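Trainee: One structure, as structure tokens, below. Some questions next.
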């Protein structure tokens, strides 16, 4: 499509009258001909969103190799095979890397397939005027200039400038965040930059007609609709790096530098001090480098994340991208859309004002109140065959309230049949129905805006007695109306009168006068029952909930107060979209910490809010279900979509989807994310302490001229003691008070919280213990020959290193807490992993034939006593260090 055509479709049609709009669209009230429509399809394209460029499986596969840790591993595998000829070692390393990449691709592909299946659901049809006849066509075939017919239950198929609106109401929550349907009016809006929610003469693609009927000319299709513009914003949104990905990259860089430095020092020392040949020393240095790399770490991290996704799936959180599991654990800010996420997206009766008093909807009250009767009679709600309510959300809420109170409007209207009506009109703001009574008289039921209704009422119903409407009564009603409105309730008035016959002229002045006021009803889209508790738990965990909505400021503030997001009367914590427009990005970034509620905002505002918090260095999670949430969902560190009420666009932009749309599920996911990161830290601590012990053993042995461990020994220890316990540590239960700590934030890493210092002293302890055992075996030999003595010492060093790592796995169940407090045996998977690794370590020493293959010797009871004693010693030593650490921390 040409730029000229795009500009034409982006024109502010709401600011022009219908004749001008039709002229610009080169159309008429009768619509287009089929031939002209076909011509315009070729010119404008089909009415659907661009899917964007999809990445092939091959591209996705190679994208998994961008991480520094993966690059280091591949480099080590190549060097190991080319120089040291350790082909088996290289194959294992490459296998781990490939498995890790395949798992990542499969996880992403599976999620994409699920989203694609949602997109391929049946395409809605549109009723359009073609060739002077109403035809039903696929919405994808609509073109600019088509005239579309709308009625209750329809999904608006494109952006329309309305030509006719008969009591037309359209629910636009997916675009604006407002749950209350917008009443459409045939007016010209003579303003600039009018928000979507205020363009009352327009109908927007993907919104829902809830009431009345209408007709409009298509002014924008496909990517030029408001939904399309949001889809375009999604394509331009920045891809954020997850904290875990950054941490692993930092770890990879650190290990690369450390390994190169240590290997270089070892190479120089070996040649200069021990006189070893350069080629032999080069091979030894490469062996040390390979030993220093935790080759299983990427796969272990992936497995821990995958296990986390399974746990979260059982708790109604569907993960689309593996790193999202851990990212939740580092979340500082949860920016949540109000409608459908914190609230039910379902209008509900909250209060009644009858007999001079406010009554809560759940309090005891008679079911024969005239106010209940009027709100059900002056109502156009329909029942489906399944018994569900169909119609305007406000009216269905009134009928549902009646049903909950035992007033079934279906049965009651059989007894008091509706015989006439005055439909709702936005000008007079009233609706009336007339019902025939058993005695031959007629009941006129009227509902509408309280201020208008009071001008038509001259009596009031008090405790089943009709009394004159005094000034005091009127003031009481208005006071209660204001009070309920300040609680963000949508208030409607109820009135009635009895007449002897149906008015000959159904005019408002005749039907809707001399009324008896029956009461007020206050409705709201209520907060979810569990949302307030979830907000409290989030705050206790140091996570700040932020509410973002398209609703008006008063409504947003009232809900936020009820949820505990802000305190009552704290108006300064609420910011509107208009106020945000007046701020520069720099000014907003400075003030963003002041605001917890954003009202009347647009998609661009939401992205600005997320970016402002990210500028503050915060990890931001964004929850939402509407199309308008999608750009911010993608911009956020983790986007959380709604599985039930969420639009396809929002799900596609999310890292995680809540299957139950329950805000409380996010808190569970945050806890799981924290547990996952904690367990990854435990695995990192375990692996790097073990590898540091191996490196120190080789490095110092080279300095002393000792031959302690062979490459096959290091390979077996890394294969047996690293893999199973490290994975099992990833399945550790969450430590107590995990949700009482502040988020670790974006600047934390895998070494934070005392992990780095623990790795250092525990690695030194492991290396020193192994060297001591080797030295003691030489000093106090069991045999007399050099070969036997060396074989015993090598075997004891090998067994000590392997078994000590298994005992040390118990230490890393907690960085600072005693293993007796966290429970050494409560993780059954860990127990079996230790037993399996122990058996695999023992079998190659005690089974004849295997010990020859691994060049180790049989040990006697005395030697085994030294090995087991030295290996187990790491537990009490670390426990003592932890004890003093806790004393220092306190």
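The values are calculated or read from the model by the stated rules, or taken from the named source; none is laboratory data. Keep in mind it's a predicted model, so treat the numbers as computed, not measured. FYI the Cβ positions are ideal-geometry reconstructions off the backbone, even for glycines, and counts take in every protein chain you see.
Trainee: What is the residue count in the stretch 199-233 for residues that are closer than 18 Å to residue 169 by Cα and part of a loop (DSSP other than H, G, I, E, B)?
Mentor: So the count comes out to 7.
Trainee: Among the residues of the stretch 525-542 satisfying the criterion of being at pLDDT 90 or above and in contact with a strand residue (DSSP E or B) (Cβ under 6 Å, 6 or more places away or on another chain), which is nearest to residue 481 (Cα to Cα)?
Mentor: If we take residues in the stretch 525-542 being at pLDDT 90 or above and in contact with a strand residue (DSSP E or B) (Cβ under 6 Å, 6 or more places away or on another chain), then 535 is nearest to residue 481 (Cα to Cα).
Trainee: Here's a follow-up. Would you mind listing the helices (runs of 4 or more DSSP H) fully within the stretch 781-861 where at least 3 residues are modelled with pLDDT under 85 and touching a helix residue (DSSP H, G or I) at 6+ places or on another chain (Cβ under 8 Å)?
Mentor: Fully inside the stretch 781-861 and qualifying: 850-853.
Trainee: Restricting to the stretch 852-890, give me the number of residues that are free of Cβ contacts under 8 Å to residues at least 24 places away in the same chain and within 53 Å of the chain's Cα centre (by Cα).
Mentor: 8
Trainee: For the stretch 69-79, does any single residue satisfy the condition of being more than 27 Å from residue 650 (Cβ to Cβ), assigned to a loop (DSSP other than H, G, I, E, B) and modelled with pLDDT of 70 or more?
Mentor: At the first step, the residues of the stretch 69-79 found to be more than 27 Å from residue 650 (Cβ to Cβ) are 69-79.
If we keep only those that are assigned to a loop (DSSP other than H, G, I, E, B) too, we end up with none.
Within the stretch 69-79, not a single residue is more than 27 Å from residue 650 (Cβ to Cβ), assigned to a loop (DSSP other than H, G, I, E, B) and modelled with pLDDT of 70 or more.
Trainee: Starting from residues that are in contact with a helix residue (DSSP H, G or I) (Cβ under 7 Å, 6 or more places away or on another chain) and in a strand (DSSP E or B), keep the ones in the stretch 141-169 and report whichever is surrounded by the most Cβ atoms within 10 Å (Cβ to Cβ).
Mentor: It comes out as 159.
Trainee: Out of the stretch 718-742, which residues are over 23 Å from residue 826 (Cα atoms) and either crowded, with 22+ Cβ neighbours inside 10 Å or modelled with pLDDT of 90 or more (or both)?
Mentor: 718
Trainee: Another question, if that's okay. Determine whether residue 670 is touching a strand residue (DSSP E or B) at 6+ places or on another chain (Cβ under 9 Å) and either over 30 Å from residue 816 (Cα atoms) or modelled with pLDDT of 80 or more (or both). Give the steps one after another, and end with the answer.
Mentor: Details: touching a strand residue (DSSP E or B) at 6+ places or on another chain (Cβ under 9 Å): yes; either over 30 Å from residue 816 (Cα atoms) or modelled with pLDDT of 80 or more (or both): yes.
Yes; evaluated as a whole, the condition is true for this residue.
Trainee: Counting only residues that are farther than 30 Å from residue 569 by Cα and within 47 Å of the chain's Cα centre (by Cα), give me the strands (runs of 3 or more DSSP E) lying completely in the stretch 444-514 with at least 1 of them.
Mentor: On the way: elements: 457-462, 465-468, 490-499.
Because the criterion is at least 1 residues that are farther than 30 Å from residue 569 by Cα and within 47 Å of the chain's Cα centre (by Cα), the strands (runs of 3 or more DSSP E) in the stretch 444-514 that meet it are 490-499.
Trainee: Can you confirm whether residue 707 is closer than 22 Å to residue 775 by Cα and either in contact (Cβ under 8 Å) with a residue 40 or more places away in the chain or touching a helix residue (DSSP H, G or I) at 6+ places or on another chain (Cβ under 9 Å) (or both)? Write out each step before concluding.
Mentor: Numbers: closer than 22 Å to residue 775 by Cα: yes; either in contact (Cβ under 8 Å) with a residue 40 or more places away in the chain or touching a helix residue (DSSP H, G or I) at 6+ places or on another chain (Cβ under 9 Å) (or both): yes.
Considered against the rule, which asks whether it is closer than 22 Å to residue 775 by Cα and either in contact (Cβ under 8 Å) with a residue 40 or more places away in the chain or touching a helix residue (DSSP H, G or I) at 6+ places or on another chain (Cβ under 9 Å) (or both), residue 707 comes out as yes.
Trainee: Follow-up question, since we're still on this one. For the stretch 99-157, which residues satisfy the criterion of being farther than 30 Å from residue 61 by Cβ and modelled with pLDDT under 70?
Mentor: Kept after step one, since they are farther than 30 Å from residue 61 by Cβ, are these residues of the stretch 99-157: 122-157.
Passing the criteria: 122, 123, 124.
To keep it simple, each residue is scored yes or no on (1) under 30 Å from residue 752 (Cα atoms); (2) in contact (Cβ under 8 Å) with a residue 12 or more places away in the chain.
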position: 777; (1), (2): no, yes
position: 797; (1), (2): no, yes
position: 802; (1), (2): yes, yes
position: 820; (1), (2): yes, no
position: 834; (1), (2): yes, yes
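Trainee: Output the residue which, of all residues in the stretch 401-431 that are outside any helix (DSSP H, G or I) and surrounded by 21 or more Cβ atoms within 10 Å (Cβ to Cβ), is farthest from the chain's Cα centre (by Cα). So that I can check it myself, show each step before the final result.
Mentor: Taking the stretch 401-431 as the starting set, the residues that turn out to be outside any helix (DSSP H, G or I) are 405-408, 416-431.
From the residues that got through so far, the ones that are surrounded by 21 or more Cβ atoms within 10 Å (Cβ to Cβ) too are 422, 424, 430-431.
Numbers: 422: 46, 424: 40, 430: 42, 431: 42 Å.
Looking at residues that are outside any helix (DSSP H, G or I) and surrounded by 21 or more Cβ atoms within 10 Å (Cβ to Cβ), I get 422.
Trainee: Condition first: assigned to a loop (DSSP other than H, G, I, E, B), in contact (Cβ under 8 Å) with a residue 40 or more places away in the chain, within 23 Å of residue 625 (Cα to Cα) and assigned by TED's automatic domain parsing to the domain that holds residue 44. Can you find one or more residues in the stretch 180-191 that meet it?
Mentor: yes
Trainee: Going residue by residue through the stretch 458-481, is there one that turns out to be closer than 23 Å to residue 560 by Cα and crowded, with 16+ Cβ neighbours inside 10 Å? Before you say what the answer is, go through the steps one by one.
Mentor: Looking only at the stretch 458-481, we keep the residues that are closer than 23 Å to residue 560 by Cα, and these are 480-481.
From what is left, the residues that are crowded, with 16+ Cβ neighbours inside 10 Å are 480-481.
Checked the stretch 458-481: at least one residue is closer than 23 Å to residue 560 by Cα and crowded, with 16+ Cβ neighbours inside 10 Å.
Trainee: Only one of 273, 303, 333 is at pLDDT below 80 and within 43 Å of the chain's Cα centre (by Cα); which? Reasoning before the result, please.
Mentor: Values: 273 fails: within 43 Å of the chain's Cα centre (by Cα); 333 fails: at pLDDT below 80.
From the options 273, 303, 333, the qualifying one is 303.
Trainee: Let me ask something else. Can you name the residue in the stretch 313-328 that is under 12 Å from the mean Cα position of the chain (by Cα) and in a helix (DSSP H, G or I) and is also nearest to residue 552 (Cα to Cα) among such residues?
Mentor: 328
Trainee: When you check residue 230 against the structure, is it closer than 30 Å to residue 63 by Cα and either at pLDDT 80 or above or more than 26 Å from the chain's Cα centre (by Cα) (or both), yes or no?
Mentor: Values: closer than 30 Å to residue 63 by Cα: yes; either at pLDDT 80 or above or more than 26 Å from the chain's Cα centre (by Cα) (or both): no.
No, not satisfied.
Trainee: Same structure again: With surrounded by 12 or more Cβ atoms within 10 Å (Cβ to Cβ), more than 35 Å from the chain's Cα centre (by Cα) and at negative phi as the only criterion, which of 389, 369, 398 stands out?
Mentor: On the way: 389 fails: more than 35 Å from the chain's Cα centre (by Cα); 398 fails: more than 35 Å from the chain's Cα centre (by Cα).
Just one listed residue meets the conditions, 369.
Trainee: Checking residue 376 against (1) under 21 Å from residue 350 (Cα atoms); (2) exposed (fewer than 15 other Cβ atoms within 10 Å of the Cβ); (3) without any contact (Cβ under 8 Å) to a residue 40 or more places away in the chain, which single condition isn't satisfied?
Mentor: The one condition residue 376 does not meet is (2).
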